[in-house]
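Let me begin by presenting the structure, written as structure tokens, before commenting on it.
The values are calculated or read from the model by the stated rules, or taken from the named source; none is laboratory data. What you see is a predicted model; the values in this text were computed from it and never measured. Using ideal geometry, Cβ is built from the backbone for each residue, glycine included, and neighbour counts are taken over all protein chains shown. All accessible areas refer to the heavy atoms of the entire protein, side chains included, with ligands and DNA or RNA removed. Shrake-Rupley method; radii C 1.70, N 1.55, O 1.52, S 1.80 Å.
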Amino acid sequence: HLVESGGGSVQPGGSLRLSCTAPGRTLSVFVMGWFRQVPGKDREFVAGTDWGGGRTSYGDSVKGRFTISRDNSLNTMYLQMESLEPEDTAVYYCAARASSFITAKMSEYDYWGQGTQVTVSS
């Protein structure tokens, strides 16, 4: 069970930071990822990080604007989102998989949060 926080409404060009934690579970053993979904579309890979945060991967639409990180001492993963665009509006989900490898395939993640809404609008 994962819990996301930090979503909200922001104007274009603004910033938000999402957090993901797992009460009662140690996240450091998992590869972690962020996905997003808008109604009527498939869930899209946003970013992923390995156990230690040393390796990361990003979807093409967010490269250079979003940064994924993790603090295993706090059992928390983050998604720093900069230069937000209306097209970034979606429900954002964090996910975890018991593997060494980052993947963009949502079917290969074992655990999911409930999602947090991000709305970018003027």
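Enumerate the pairs (first residue in the range 20-45 and β-branched (Val, Ile, Thr); second residue anywhere and in a strand (DSSP E or B) and open to solvent by less than 70 Å² (accessible area, probe 1.4 Å)) with beta-carbon separation below 6 Å, excluding pairs fewer than 6 apart on the same chain, so at least 6 apart or on different chains.
21/3; 21/76; 31/97; 38/90
Specify the residue that is least open to solvent (accessible area, probe 1.4 Å); the eligible residues are those in the range 74-122 that are in a loop (DSSP other than H, G, I, E, B) and among the β-branched types (Val, Ile, Thr).
103
Take residue 12 and tell me if it is open to solvent by 20 Å² or more (accessible area, probe 1.4 Å), modelled with pLDDT under 95, assigned to a loop (DSSP other than H, G, I, E, B) and not hydroxyl-bearing (Ser, Thr, Tyr).
no
Of all residues in the range 90-116, which are of a type in the set (A, V, I, L, M), within 21 Å of residue 72 (Cα to Cα) and within 12 Å of the chain's Cα centre (by Cα)?
Correct list: 95, 96.
So, in the range 47-73, of the ones that are of a type in the set (Val, Ile, Thr) and open to solvent by less than 50 Å² (accessible area, probe 1.4 Å), which residue ends up nearest to residue 88 (Cα to Cα)?
62
Are there any strands (runs of 3 or more DSSP E) wholly within the range 28-67 with 1 or more residues that are within 16 Å of residue 107 (Cβ to Cβ), and if so which?
31-37, 44-49
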